[in-house]
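The values are calculated or read from the model by the stated rules, or taken from the named source; none is laboratory data. Owing to the predicted nature of the structure, the values given are computational and were not obtained by experimental measurement. As a convention, Cβ positions derive from the backbone with ideal geometry for all residues, glycine included, and neighbour counts pool all protein chains shown.
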Amino acid sequence: MYKAGFWIRLGAGVLDSLIISIPLVIIAGVLTGNFDAVEPIAKLLSALYSILLPVYWYGRTIGKRICGIRIRLLFHKTRILYICI
């Protein structure tokens with residue numbers, strides 16, 4: 001088990017942004033009539049994606065899955081930490 005470096009995590013985040021932002025803006029635009037990325041419903045859908053998908057996909061989003069990394073639980077002596085590996 002290794003810890004994912006900064007660049008691989010950044011790449012996964014960029015992939016998530018590119019793959020997810022376009023459909024979310026389209027869905028929000030269809031629902032509200034305003035095709036703007038700062039629409040509150042687009043932000044809500046993005047937040048739900050970022051929170052719920054790793055829970056159901058065992059710590060992976062689409063970008064993390066493409067890059068081959070995931071979020072894991074790290075047990076420390078006194079704390080529980082979440083790391084991206």
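Is it true that some residue in region 36-43 is part of a helix (DSSP H, G or I), modelled with pLDDT of 80 or more and surrounded by fewer than 12 Cβ atoms within 10 Å (Cβ to Cβ)? Looking through region 36-43, at least one residue is part of a helix (DSSP H, G or I), modelled with pLDDT of 80 or more and surrounded by fewer than 12 Cβ atoms within 10 Å (Cβ to Cβ). Of everything in region 30-55, what is among the hydroxyl-bearing types (Ser, Thr, Tyr) and either within 12 Å of the chain's Cα centre (by Cα) or closer than 17 Å to Leu10 by Cα (or both)? Give them in sequence order. Matches in region 30-55: Ser46, Tyr49, Ser50.
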